[in-house]
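Remarks on the structure that follows.
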């Protein structure tokens, strides 16, 4: 006589435990994937910010390296020095540079006037190919259409410029052995009213504070005629 075969199934408790384990494993896997995706997104954002910063610094470097000792005349007929900037100039930096390429058939100057300034935590570059102008480039409203203002970098909470004059060179201490450059005595204004500086400085330092990237300084040596 054959014994009847017995079929064994899962109890309700076993099914519930299996379902709970599945949920836990899925949750862990999702959390891990979410963390990886968040990390990738943060890395991508940091790379984009670094790329934007590099582009802005390259543009500043080109402008400074191509600066020329050519003053301009504003809309009121007053002379503005070849380079102007600092605390007394609303933190802006203005300079005349060469190297602008005229694409039209009409002969035009290869010089242009360039300004850097921060508005609403965004670094802008404003340019004008008309040096001696009859209209106003207003620092309080520098984004007027037609003035060529371009946003360079967002999240800029500090933009400072200091200048090294020829007179300061002999009085500055020599560079320390660690290679650090002391710019604490450099001038905080250049070319503004009340200062004698009308020519180009020997060098300038730009100091930036950028959200997510921190503080940084860049020193640029200017071409001397």
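Computed from the coordinates by the stated procedures, all read-outs in this text should not be read as laboratory data. Just so you know, these numbers come straight off a predicted model, no measurement behind them. Cβ placement follows ideal geometry from the backbone for every residue including glycine, while neighbour counts extend to all protein chains displayed.
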- For 39, 184, order by how many other beta-carbon atoms lie within 10 Å, fewest first: 184, 39
- Exposure proxy check on 120, 63: fewest-to-most Cβ neighbours within 10 Å is 120, 63
- Message: Multiplying the sequence separation of residue 151 and residue 29 by 0.36 nm and subtracting their Cα-Cα distance, what value in nm do you get?
- Response: 39.8 nm
- Query: Residue separation times 0.36 nm, minus the C-alpha to C-alpha distance between residue 87 and residue 207: what's the value?
  - Reply: 42.0 nm
- Put in order of increasing Cβ neighbours within 10 Å, starting from the fewest, 25, 202, 161 give 25, 202, 161
